[in-house]
Amino acid sequence: MINIILADHQRIFRIGMASVLAAEDDFRIVGQPHSVDQLLHGLEKFRPHVLLLSSAYLGTLDEIKRIADRQHTAILLLAEAGDPVSMTFSTDLQGVIQRSTPESTVVHCVRHLARGGRVLRITHHQSADDRQDSVGIRVRQRLSPLELRIVVFVVQGYRNREIALRMGTTEQAVKNSLRRIFDKTGVYDRVQLALFVLHHRILAGDPVSAIPPLALHSVAAIPSLRGLSRRATVN
(Lines give C-alpha, C1' and ligand atoms only; values in the text may rest on other atoms or scores of the structure.)
Protein backbone atom coordinates (compact mmCIF):
# COMPACT_ATOMS: atom_id res chain seq x y z
CA MET A 1 0.00 0.00 0.00
CA ILE A 2 1.33 3.46 -0.94
CA ASN A 3 0.55 6.03 1.74
CA ILE A 4 0.08 9.58 0.43
CA ILE A 5 -0.24 13.04 1.95
CA LEU A 6 -1.94 15.57 -0.35
CA ALA A 7 -1.01 19.13 0.62
CA ASP A 8 -2.60 21.63 -1.75
CA HIS A 9 -3.83 25.17 -1.06
CA GLN A 10 -6.79 24.94 -3.46
CA ARG A 11 -9.65 23.14 -1.72
CA ILE A 12 -11.57 22.05 -4.80
CA PHE A 13 -8.43 20.81 -6.56
CA ARG A 14 -7.50 18.93 -3.38
CA ILE A 15 -10.93 17.27 -3.20
CA GLY A 16 -10.86 16.34 -6.86
CA MET A 17 -7.33 14.93 -6.78
CA ALA A 18 -8.08 13.02 -3.56
CA SER A 19 -11.02 11.38 -5.31
CA VAL A 20 -8.77 10.34 -8.22
CA LEU A 21 -6.05 8.92 -5.95
CA ALA A 22 -8.49 7.15 -3.61
CA ALA A 23 -9.90 5.21 -6.57
CA GLU A 24 -6.59 3.32 -6.88
CA ASP A 25 -6.55 0.04 -4.92
CA ASP A 26 -2.91 0.43 -3.86
CA PHE A 27 -3.18 4.08 -2.72
CA ARG A 28 -4.17 5.31 0.71
CA ILE A 29 -4.49 9.02 1.52
CA VAL A 30 -3.35 9.47 5.11
CA GLY A 31 -3.56 13.25 5.27
CA GLN A 32 -4.88 16.39 3.57
CA PRO A 33 -3.33 19.21 5.64
CA HIS A 34 -4.62 22.78 5.36
CA SER A 35 -1.61 24.47 6.99
CA VAL A 36 2.14 24.12 7.33
CA ASP A 37 1.82 22.98 10.96
CA GLN A 38 -0.64 20.24 9.98
CA LEU A 39 1.64 19.21 7.12
CA LEU A 40 4.74 18.92 9.32
CA HIS A 41 2.79 17.02 11.97
CA GLY A 42 1.36 14.66 9.35
CA LEU A 43 4.80 13.91 7.93
CA GLU A 44 6.10 13.04 11.39
CA LYS A 45 3.08 10.96 12.38
CA PHE A 46 2.09 9.08 9.23
CA ARG A 47 5.47 8.66 7.46
CA PRO A 48 3.93 8.66 3.96
CA HIS A 49 5.67 7.17 0.96
CA VAL A 50 4.80 10.18 -1.23
CA LEU A 51 3.94 13.80 -0.46
CA LEU A 52 2.04 15.70 -3.15
CA LEU A 53 3.00 19.28 -2.42
CA SER A 54 1.56 22.53 -3.76
CA SER A 55 4.07 25.18 -4.80
CA ALA A 56 2.33 27.43 -2.24
CA TYR A 57 4.40 25.62 0.42
CA LEU A 58 7.77 26.41 -1.16
CA GLY A 59 8.47 29.02 1.52
CA THR A 60 8.90 26.25 4.08
CA LEU A 61 10.35 23.64 1.74
CA ASP A 62 13.64 23.29 3.67
CA GLU A 63 11.82 22.22 6.84
CA ILE A 64 9.42 19.99 4.92
CA LYS A 65 12.31 18.36 3.07
CA ARG A 66 14.29 17.71 6.26
CA ILE A 67 11.43 15.69 7.71
CA ALA A 68 10.64 13.99 4.39
CA ASP A 69 14.25 12.91 3.92
CA ARG A 70 14.37 11.50 7.44
CA GLN A 71 11.13 9.59 6.84
CA HIS A 72 12.18 8.47 3.32
CA THR A 73 9.18 10.32 1.87
CA ALA A 74 9.36 11.28 -1.81
CA ILE A 75 8.12 14.79 -2.62
CA LEU A 76 6.12 15.39 -5.80
CA LEU A 77 5.81 19.15 -6.33
CA LEU A 78 2.69 20.38 -8.14
CA ALA A 79 3.98 23.42 -10.03
CA GLU A 80 1.85 26.19 -11.47
CA ALA A 81 2.06 26.58 -15.24
CA GLY A 82 4.87 28.92 -16.24
CA ASP A 83 6.22 29.16 -12.70
CA PRO A 84 10.02 29.51 -13.02
CA VAL A 85 10.49 29.15 -9.25
CA SER A 86 9.54 25.50 -9.32
CA MET A 87 12.33 24.71 -11.77
CA THR A 88 14.95 25.92 -9.27
CA PHE A 89 13.85 23.16 -6.87
CA SER A 90 13.75 20.39 -9.48
CA THR A 91 17.21 19.06 -8.59
CA ASP A 92 16.37 18.91 -4.85
CA LEU A 93 13.11 16.99 -5.16
CA GLN A 94 12.23 13.53 -6.38
CA GLY A 95 9.48 14.86 -8.63
CA VAL A 96 8.16 18.06 -10.20
CA ILE A 97 5.10 18.15 -12.45
CA GLN A 98 2.62 20.78 -13.57
CA ARG A 99 -0.69 21.06 -11.75
CA SER A 100 -2.40 20.64 -15.15
CA THR A 101 -0.83 17.20 -15.68
CA PRO A 102 -3.56 14.60 -16.48
CA GLU A 103 -4.65 12.59 -13.45
CA SER A 104 -3.57 9.30 -15.06
CA THR A 105 -0.04 10.69 -15.31
CA VAL A 106 -0.14 11.87 -11.69
CA VAL A 107 -1.10 8.34 -10.62
CA HIS A 108 1.80 6.92 -12.63
CA CYS A 109 4.21 9.48 -11.12
CA VAL A 110 3.14 8.64 -7.55
CA ARG A 111 3.78 4.94 -8.13
CA HIS A 112 7.12 5.69 -9.79
CA LEU A 113 8.29 7.84 -6.88
CA ALA A 114 7.11 5.27 -4.32
CA ARG A 115 9.43 2.78 -6.00
CA GLY A 116 12.39 5.12 -5.70
CA GLY A 117 12.22 6.75 -9.13
CA ARG A 118 12.39 10.42 -10.12
CA VAL A 119 10.05 12.55 -12.24
CA LEU A 120 10.60 15.87 -14.00
CA ARG A 121 7.67 17.01 -16.11
CA ILE A 122 7.63 20.80 -16.00
CA THR A 123 6.17 21.20 -19.49
CA HIS A 124 3.07 19.19 -20.24
CA HIS A 125 2.78 18.27 -23.91
CA GLN A 126 -0.63 17.40 -25.24
CA SER A 127 -1.01 13.64 -25.33
CA ALA A 128 -3.01 11.54 -27.77
CA ASP A 129 -5.66 11.06 -25.07
CA ASP A 130 -5.95 14.85 -24.67
CA ARG A 131 -6.32 15.35 -28.41
CA GLN A 132 -8.98 12.64 -28.62
CA ASP A 133 -11.06 14.03 -25.75
CA SER A 134 -14.16 14.53 -27.87
CA VAL A 135 -16.39 15.12 -24.83
CA GLY A 136 -14.11 17.86 -23.50
CA ILE A 137 -13.89 19.46 -26.93
CA ARG A 138 -17.68 19.50 -27.33
CA VAL A 139 -18.23 20.95 -23.86
CA ARG A 140 -15.60 23.64 -24.42
CA GLN A 141 -17.35 24.62 -27.64
CA ARG A 142 -20.66 24.95 -25.76
CA LEU A 143 -19.20 27.17 -23.03
CA SER A 144 -18.74 30.87 -23.69
CA PRO A 145 -15.34 32.50 -22.99
CA LEU A 146 -16.92 34.11 -19.92
CA GLU A 147 -18.19 30.74 -18.65
CA LEU A 148 -14.78 29.17 -19.25
CA ARG A 149 -13.20 31.88 -17.13
CA ILE A 150 -15.64 31.15 -14.30
CA VAL A 151 -14.75 27.44 -14.57
CA VAL A 152 -11.08 28.33 -14.10
CA PHE A 153 -11.85 30.43 -11.02
CA VAL A 154 -14.04 27.71 -9.50
CA VAL A 155 -11.38 25.04 -9.94
CA GLN A 156 -8.85 27.40 -8.37
CA GLY A 157 -11.06 27.53 -5.28
CA TYR A 158 -12.56 31.02 -5.53
CA ARG A 159 -16.02 31.60 -4.05
CA ASN A 160 -18.78 33.40 -5.94
CA ARG A 161 -18.17 36.76 -4.26
CA GLU A 162 -14.45 36.58 -5.08
CA ILE A 163 -15.20 35.65 -8.68
CA ALA A 164 -17.66 38.55 -8.98
CA LEU A 165 -15.06 41.01 -7.66
CA ARG A 166 -12.41 39.73 -10.07
CA MET A 167 -14.79 39.88 -13.03
CA GLY A 168 -16.38 43.22 -12.15
CA THR A 169 -19.90 41.81 -11.96
CA THR A 170 -22.46 40.73 -9.35
CA GLU A 171 -22.50 37.61 -7.21
CA GLN A 172 -25.97 36.72 -8.53
CA ALA A 173 -24.73 36.90 -12.12
CA VAL A 174 -21.95 34.46 -11.23
CA LYS A 175 -24.48 32.09 -9.63
CA ASN A 176 -26.67 32.24 -12.73
CA SER A 177 -23.67 31.56 -14.96
CA LEU A 178 -22.73 28.58 -12.79
CA ARG A 179 -26.18 27.06 -13.28
CA ARG A 180 -25.68 27.29 -17.03
CA ILE A 181 -22.21 25.75 -16.70
CA PHE A 182 -23.62 22.87 -14.62
CA ASP A 183 -26.29 22.23 -17.25
CA LYS A 184 -23.76 22.24 -20.10
CA THR A 185 -21.24 19.99 -18.33
CA GLY A 186 -23.81 17.64 -16.75
CA VAL A 187 -22.54 18.14 -13.18
CA TYR A 188 -24.50 19.25 -10.12
CA ASP A 189 -22.02 21.06 -7.87
CA ARG A 190 -18.58 22.69 -7.69
CA VAL A 191 -16.74 19.53 -6.63
CA GLN A 192 -18.21 17.57 -9.54
CA LEU A 193 -17.17 20.42 -11.84
CA ALA A 194 -13.59 20.19 -10.52
CA LEU A 195 -13.57 16.44 -11.13
CA PHE A 196 -14.94 16.99 -14.64
CA VAL A 197 -12.12 19.44 -15.40
CA LEU A 198 -9.53 17.05 -13.94
CA HIS A 199 -10.76 14.42 -16.39
CA HIS A 200 -11.18 16.78 -19.36
CA ARG A 201 -7.99 18.84 -19.26
CA ILE A 202 -8.95 20.81 -22.36
CA LEU A 203 -11.18 22.88 -20.04
CA ALA A 204 -8.35 23.73 -17.63
CA GLY A 205 -6.75 26.50 -19.67
CA ASP A 206 -7.27 30.11 -18.63
CA PRO A 207 -9.32 31.84 -21.37
CA VAL A 208 -8.87 35.34 -19.92
CA SER A 209 -7.25 36.65 -23.09
CA ALA A 210 -10.31 35.65 -25.11
CA ILE A 211 -12.62 37.98 -23.17
CA PRO A 212 -12.86 41.65 -24.15
CA PRO A 213 -12.44 43.90 -21.06
CA LEU A 214 -15.94 45.40 -21.43
CA ALA A 215 -17.50 41.94 -21.36
CA LEU A 216 -16.34 41.45 -17.79
CA HIS A 217 -18.52 44.37 -16.70
CA SER A 218 -21.63 43.43 -18.65
CA VAL A 219 -22.56 39.98 -17.31
CA ALA A 220 -25.31 41.33 -15.05
CA ALA A 221 -26.94 43.05 -18.01
CA ILE A 222 -27.47 39.87 -20.01
CA PRO A 223 -31.21 39.06 -19.79
CA SER A 224 -30.71 35.29 -20.12
CA LEU A 225 -28.64 35.30 -16.91
CA ARG A 226 -31.42 36.80 -14.74
CA GLY A 227 -34.40 35.37 -12.90
CA LEU A 228 -33.20 31.85 -12.18
CA SER A 229 -34.02 30.25 -8.82
CA ARG A 230 -31.32 30.02 -6.17
CA ARG A 231 -29.72 26.63 -5.48
CA ALA A 232 -27.16 25.72 -2.83
CA THR A 233 -24.99 23.90 -5.34
CA VAL A 234 -23.85 27.14 -6.94
CA ASN A 235 -22.84 28.90 -3.71
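The values are calculated or read from the model by the stated rules, or taken from the named source; none is laboratory data. Everything numeric in this text was worked out from a predicted model, so none of it was measured. Because the Cβ atoms are built from the backbone with ideal geometry, glycine has one as well, and the counts that use them run over all protein chains shown.
With 202, 163, 150 as the choices, which residue is surrounded by 15 or more Cβ atoms within 10 Å (Cβ to Cβ), under 24 Å from residue 107 (Cβ atoms) and at pLDDT 65 or above?
202 is the lone residue from the list that is surrounded by 15 or more Cβ atoms within 10 Å (Cβ to Cβ), under 24 Å from residue 107 (Cβ atoms) and at pLDDT 65 or above.
Mind checking which pairs have a first residue in region 107-120 that is closer than 11 Å to residue 50 by Cβ and a second that is among the hydroxyl-bearing types (Ser, Thr, Tyr) and crowded, with 16+ Cβ neighbours inside 10 Å, Cβ under 8 Å, 6 or more apart or different chains?
Partner pairs satisfying both residue conditions: 109/101.
Considering region 90-100 alone, what residues qualify as being buried (at least 20 other Cβ atoms within 10 Å of the Cβ) and in a loop (DSSP other than H, G, I, E, B)?
93, 94, 99
So, in region 168-186, exactly how many residues are modelled with pLDDT of 85 or more and outside any helix (DSSP H, G or I)?
Final tally of qualifying residues: 3.
A quick yes/no check of all residues on (1) touching a strand residue (DSSP E or B) at 6+ places or on another chain (Cβ under 7 Å); (2) assigned to a strand (DSSP E or B); (3) closer than 17 Å to residue 79 by Cβ:
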residue	(1), (2), (3)
4	yes, yes, no
12	no, no, no
15	no, no, no
19	no, no, no
25	no, no, no
28	yes, yes, no
38	no, no, no
51	yes, yes, yes
59	no, no, yes
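Do we have any residue at all in region 14-32 that's within 23 Å of residue 118 (Cα to Cα), in contact with a Pro (Cβ under 6 Å, 6 or more places away or on another chain) and of a type in the set (A, V, I, L, M, F, W, C)?
Checked against the condition, which is being within 23 Å of residue 118 (Cα to Cα), in contact with a Pro (Cβ under 6 Å, 6 or more places away or on another chain) and of a type in the set (A, V, I, L, M, F, W, C), region 14-32 yields at least one hit.
Can you tell me which residue in region 1-34 is modelled with the lowest pLDDT, limited to those that are farther than 21 Å from residue 93 by Cβ and not hydrophobic (A, V, I, L, M, F, W, C)?
11
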